[in-house]
Amino acid sequence: MNTMIITLDGPAGAGKSSAARSLAARLGWCYIDTGAMYRAVAMVALEQGIPLEDSSRVAALAESIQIVFQDGSVLVDGRDVSAEIRSERITLATRPVADAPPVRDAMKRVQRRMADGRNVVTEGRDQGSVVFPHAAVKVFLTASPEARASRRHLEEMSRGRDTTFEQILESQSCRDEADRTRPVGALRPAHDAVLLETDSLSCDEVIDCLIALIEARKQSPQKTV
Ligand code: C5P
C-alpha cells in the first residue's frame, strides 16, 4: 500500500500544531512536530554543555538522540520533555540551532527517516519546501499577527503563565522575522502548497479542509490539488 505525507507549514500561532495533532489522531497517522525537534536538540545541547554556535557538534547531537511523539508528549531518549522545551529559555536557545545549515541538514535526514514507509502528518516551517518536496498534500497555514498572538495568549494563560497579549505580539514579530530571513530553511510556502487562511476558522473547520484536500488527492493522485 502506498503511504502518504501531508505537510503543514506556517508561522507561529497559525494553528498548525492543534490541527496537525488532531488530524494525525483522527487518521491514525504518524505525527511529526519539527519545531519540538529543534527545541529538543537545543535543550539537550544546553544540558551537555555543547556551545549552541558549534553547529557540527549540535548537528551530530541531532542525529544521535531519539525523539518520539507519543500520546501528545515529546520524549527524548525516553524522557518526557514536553513542558521543558516550551520554556522561554529553550525558545531563545532554539534560534541559533535552527539557523545553522549543518543542523538543518541533519534534521532533514532524521525527519525523512521518521517518515519512511509511514503515513505522516508533519508540521514546521520547511516541510513542504525542503524536507518533503514530493509530499502528496502541502498546506501553508496563515493568519493575521493579531489572531495568532491572541491564540498564543490563550494557550499561555491556560498553562498558567503570566504574559500579556502585547508581549506575545512583540516576541512573535521577532520570531516571524527570524523565520523569514533564515538563510537556509526559511519560512515560505512550497510553490505547490495550498494556502489556508485560518483567522475565521475553528480547529475543526481547518481539519475538515485538510481532510477534503487529502480525499481530493486520493481521488486524483496525479493531479495537483
Ligand atoms: O514551531 P515552534 O515554535 O515549536 O518552533 C521552534 C523553533 O524552531 C522556531 O524558532 C522555528 O523557527 C524553528 N523551526 C524551524 N524549522 C522547522 C520547525 C521549527 O526552523 N521545520
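The values are calculated or read from the model by the stated rules, or taken from the named source; none is laboratory data. Predicted, not measured: the structure shown is a model, and the values here were computed from it. No Cβ is skipped: glycine too gets one built from the backbone with ideal geometry, and neighbour counts run over all protein chains shown. All accessible areas refer to the heavy atoms of the entire protein, side chains included, with ligands and DNA or RNA removed. Shrake-Rupley method; radii C 1.70, N 1.55, O 1.52, S 1.80 Å.
Restricting attention to region 91-106, does a residue exist that is in a strand (DSSP E or B) and either assigned by TED's automatic domain parsing to the domain that holds residue 184 or among the β-branched types (Val, Ile, Thr) (or both)? Give the derivation first.
First, pick out the residues of region 91-106 that are in a strand (DSSP E or B): none.
Among the residues of region 91-106, not one is in a strand (DSSP E or B) and either assigned by TED's automatic domain parsing to the domain that holds residue 184 or among the β-branched types (Val, Ile, Thr) (or both), which makes the answer no.
Residue check: is residue 146 assigned to a strand (DSSP E or B) and either within 15 Å of the ligand (Cβ to nearest atom) or open to solvent by 50 Å² or more (accessible area, probe 1.4 Å) (or both)? Before you say what the answer is, go through the steps one by one.
Numbers: assigned to a strand (DSSP E or B): no; either within 15 Å of the ligand (Cβ to nearest atom) or open to solvent by 50 Å² or more (accessible area, probe 1.4 Å) (or both): yes.
In short, no.
When you check residue 152 against the structure, is it within 14 Å of the ligand (Cβ to nearest atom), open to solvent by 50 Å² or more (accessible area, probe 1.4 Å), part of a helix (DSSP H, G or I) and under 17 Å from residue 21 (Cβ atoms), yes or no?
Values: within 14 Å of the ligand (Cβ to nearest atom): yes; open to solvent by 50 Å² or more (accessible area, probe 1.4 Å): yes; part of a helix (DSSP H, G or I): yes; under 17 Å from residue 21 (Cβ atoms): yes.
It is true that residue 152 is within 14 Å of the ligand (Cβ to nearest atom), open to solvent by 50 Å² or more (accessible area, probe 1.4 Å), part of a helix (DSSP H, G or I) and under 17 Å from residue 21 (Cβ atoms).
Can you tell me which of (1) open to solvent by 80 Å² or more (accessible area, probe 1.4 Å); (2) closer than 26 Å to residue 23 by Cβ is the one residue 86 doesn't meet?
Only one criterion in (1) open to solvent by 80 Å² or more (accessible area, probe 1.4 Å); (2) closer than 26 Å to residue 23 by Cβ is unmet by residue 86, namely (1).
Evaluate region 188-201: report whether one residue or more is modelled with pLDDT of 90 or more, within 13 Å of the ligand (Cβ to nearest atom) and either within 28 Å of residue 106 (Cα to Cα) or open to solvent by 30 Å² or more (accessible area, probe 1.4 Å) (or both). Let's see the steps before the verdict.
The initial filter retains those residues of region 188-201 that are modelled with pLDDT of 90 or more, namely 188-201.
So of that shortlist, the ones also within 13 Å of the ligand (Cβ to nearest atom) come out as 188, 190.
If we keep only those that are either within 28 Å of residue 106 (Cα to Cα) or open to solvent by 30 Å² or more (accessible area, probe 1.4 Å) (or both) as well, we get 188, 190.
Within region 188-201, one or more residues are modelled with pLDDT of 90 or more, within 13 Å of the ligand (Cβ to nearest atom) and either within 28 Å of residue 106 (Cα to Cα) or open to solvent by 30 Å² or more (accessible area, probe 1.4 Å) (or both).
Quick test for you: out of 45, 14, 20, 62, pick the one residue that is within 16 Å of the ligand (Cβ to nearest atom), open to solvent by less than 50 Å² (accessible area, probe 1.4 Å), assigned to a helix (DSSP H, G or I) and touching a strand residue (DSSP E or B) at 6+ places or on another chain (Cβ under 6 Å). Steps first, answer last, please.
Working: 45 fails: touching a strand residue (DSSP E or B) at 6+ places or on another chain (Cβ under 6 Å); 14 fails: assigned to a helix (DSSP H, G or I); 62 fails: touching a strand residue (DSSP E or B) at 6+ places or on another chain (Cβ under 6 Å).
Only one candidate qualifies: 20.
Within region 90-109, restricting attention to residues that are more than 9 Å from the ligand (Cβ to nearest atom), touching a residue at least 24 places away in the same chain (Cβ under 8 Å) and open to solvent by 30 Å² or more (accessible area, probe 1.4 Å), which residue is farthest from residue 51 (Cα to Cα)?
Looking at the filtered set, the residue picked out is 109.
Identify, please: which residue in region 65-82 is within 13 Å of the ligand (Cβ to nearest atom) and in a loop (DSSP other than H, G, I, E, B) and is, among those, farthest from the chain's Cα centre (by Cα)?
81
If you check residue 52 against the conditions, is it among the hydrophobic types (A, V, I, L, M, F, W, C) and in contact with a Leu (Cβ under 6 Å, 6 or more places away or on another chain)? First the steps, then the outcome.
On the way: among the hydrophobic types (A, V, I, L, M, F, W, C): yes; in contact with a Leu (Cβ under 6 Å, 6 or more places away or on another chain): no.
Answer is no for this residue.
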